[in-house]
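What follows is a set of notes on a single structure, which appears directly below.
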Amino acid sequence: LLNLPPLWVNDLPIDGNDEELRSFLASTEGLSASIYQAIEDGKDLGLAFEDVQYIATMRRLTGEAKAPGFAKFLLESLKNGAGKCLVFCWHTKVVNILAKTLTDNGIEVVTLTGATPEQQRIEAVQRFQEGTAHVFIGNIVAAGTGLTLTAAESVYMLEISWRPADNAQAIARAHRKGQNKHVNAYFVSLNRSIDEHVSRVVQDKTARILEVDPEAY
């Protein structure tokens, strides 16, 4: 087994502008609880629910509601001397919101989504690993496997996959061979929403895959 430094998994609740999300959920009362129960039971949501569009819209609105508040948190953290970090998202719009806010405030950022050409992927990793880029923002599908990003000290799961193994793979981009610092992984959830419950369930299952204590600090 690799003798890696400690990995700590934590939750990070964030306030957000969730008016649009709350309005949407109010119009579909009852489905949210069903989704939470399916995730807790480990069911395949694609098979458990016919209304895939509902799920997609809920996830998109949740990510967009969290992005500004998380950007503010991350800016403050970086200004206070935080080291390099990874941020994983699900939606390209959320990647873009976060990248623009950080860049506008003088933070050097690289992004990687499914639309990123191969050469730009290589350059993004190099700028983060060896260069001056302080934040790597990646789509969890496009950037969650196959990359070594051990320059990071922190991993923020701004938008999670509902498959815990996907999140474990993403966190392992930083916590892998070549890492010489302890790594903090944070599951970012939207305060006072179904996202808190879903995130907690998936966080616990991800921590079990990674064989760490989800309550460790």
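The values are calculated or read from the model by the stated rules, or taken from the named source; none is laboratory data. In this text, all values refer to a predicted model and were calculated from it rather than measured experimentally. Cβ coordinates were reconstructed from backbone atoms using ideal geometry, including for glycine residues, and neighbour counts include every protein chain displayed. Keep in mind that these areas ignore ligands, DNA and RNA; they rest on the heavy atoms of the full protein, side chains included. Shrake-Rupley method; radii C 1.70, N 1.55, O 1.52, S 1.80 Å.
Tabulated data
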item	result
Computed accessible area, H134, all protein chains, 1.4 angstrom probe, square angstrom	60
Rounded percent of accessible protein surface that carbon and sulfur make up, the range 116-158, 1.4 Å probe	46
With DNA, RNA and ligands ignored, accessible area of W162 (1.4 Å probe; Å², nearest 10)	40
Cα shape, the range 120-215, gyration tensor, a/c 1.5 rule	prolate
Links that overshoot a 20 Å alpha carbon limit, given the list K72/K100; K66/K177; K100/K177; K84/K205; K100/K181	K66/K177; K100/K177; K84/K205; K100/K181
Where K181, K100, K84 fall by accessible area, highest first, once all protein chains stay in place (1.4 Å)	K100, K181, K84
Å² of accessible area per residue within the range 134-190, as computed with a 1.4 Å probe and no ligands counted	31
Charge sum, other residues only, whose C-beta stays under 11 Å from E153's C-beta, Lys/Arg counted +1 and Asp/Glu -1	+2
